[in-house]
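Quick notes on the structure that follows.
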Amino acid sequence: MNKELLEAGADTQTNSKERSYQRYLEIGGIINETDYNSALSRLKEAETRGEMPDNSSMAQAQTIADVADIDLNGQNGQIARLYSILRNDIRPEKQKYHHSDMSDHRIFREALRMLEDVDALDKLKSTYHTNRRLGTYCPLCGQIEISEDCP
Ligand SMILES: [Zn+2]
């Protein structure tokens, strides 16, 4: 890694408002960097053009958010918009693993990670993983057994 990159890394750490792929990975993000950048730049475009998320994505996101008591209009509506962008992505033909194969709950979690909304991520995990009923599975990680971690 060259000096410029190191300095850029240091910058993103001191400036917490600047989102970074590094930070996204630190809080568990699993989408590749190209798709991450593409989704965030399309989010910006959608905001500039005032595009609204489609109704079916909106309804899915609302249901997931309501159960976990997350404010879907938080982050200036970015959660719903980013969810809709990720949910509507289509897997490129030659790519084996792609976020379009993820469940709605997992897509929702990736949107929160990209927005670095740690509070909402905590709510999501405690609702769907930590405090779920015994014998049910976690829609985020698919585990039935109760364990600390929700990868
Ligand atoms: Zn889990």
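What is the order of Glu45, Glu51, fewest Cβ neighbours within 10 Å to most?
Neighbour counts put them in this order, fewest first: Glu45, Glu51.
Using Cβ contacts closer than 10 Å as the measure, can you line up Lys44, Lys123 from fewest to most?
Lys44, Lys123
Just need log10 I(q)/I(0) for the chain at q = 0.13, 0.19 Å⁻¹, Debye formula, equal scatterers on the alpha-carbon atoms, no solvent, rounded to two decimals.
Each listed q maps to, in turn, -0.63, -1.24.
Quickly estimate the mean residue ellipticity at 222 nm for the chain, helices only: each DSSP H run with n ≥ 4 gives -39500 (n - 2.57), and the total goes over all residues, rounded to 500.
-15500 deg cm²/dmol
Stretch Thr48-Asp66 to full length: gain in nm at 0.36 nm per residue minus the Cα-Cα span?
This chain segment gains 3.8 nm when fully extended.
Which angle between 0 and 90 degrees, to the nearest 10, do you get for helix 33-49 versus the longest principal axis of the chain when only C-alpha atoms count?
90 degrees
By how many degrees, 0 to 90 and rounded to 10, does the Cα axis of helix 3-14 deviate from the longest principal axis of the chain?
The two axes meet at around 50 degrees.
Read-outs throughout are calculated quantities, based only on the coordinates presented, and are distinct from any laboratory measurement. As the structure is a computational prediction, the values presented were derived from the model and not from experiment. Reconstructed Cβ throughout: ideal geometry from the backbone, glycine too, with neighbour counts over all protein chains shown.
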